[in-house]
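For reference, the structure is listed below as structure tokens.
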Amino acid sequence: MLDTALSLLVLTAIALIGGAAYLWRRKGFNRQVQLMLVLAAVMIANVAIWTLPDTGGEAPLDRLDEQR
């Protein structure tokens with residue numbers, strides 16, 4: 001289930017970046033573009049937190065699967 005949520009986060013972040021690029025070309029939407037990019041960065045950071053391994057070489061996602 002968490003794999004699906006992380007996949008949706010990545011797809012949504014890509015859509016937000018694409019939407020921000022589209023709005024950036026249309027003048028007058030600077031605040032919305034900035035907010036969309038910040039939200040995409042937060043989403044990518046959350047995915048990175050869950051999937052990147054720590055110093056021990058184990059990702060939090062792997063530890064979650066082991067507990068089940």
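What follows draws every value from the coordinates through simple rules; no lab data is involved. Just so it is clear, the structure is predicted and the values come from calculations on it, not from any experiment. Using ideal geometry, Cβ is built from the backbone for each residue, glycine included, and neighbour counts are taken over all protein chains shown.
Rounded to the nearest 20 Debye, what is the dipole magnitude of the chain about its Cα centre when Lys and Arg each give +1 and Asp and Glu each give -1 at the C-beta?
Charge dipole, the chain, about its Cα centre: 760 debye, nearest 20.
Across every pair of different alpha-carbon atoms, what Kirkwood hydrodynamic radius in Å does the chain reach?
Answer for the chain: a Kirkwood hydrodynamic radius of 13.4 Å.
Going by C-beta contacts inside 10 Å, put VAL33, VAL10 in order with the fewest on the left.
Ordered from fewest to most neighbouring Cβ atoms within 10 Å, VAL33, VAL10 come out as VAL10, VAL33.
Need one number: nm distance between label points at ASP62 and GLN34, each 7 Å from Cα along Cα→Cβ, rounded to one decimal.
Placing both labels 7 Å along Cα→Cβ, they lie 4.0 nm apart.
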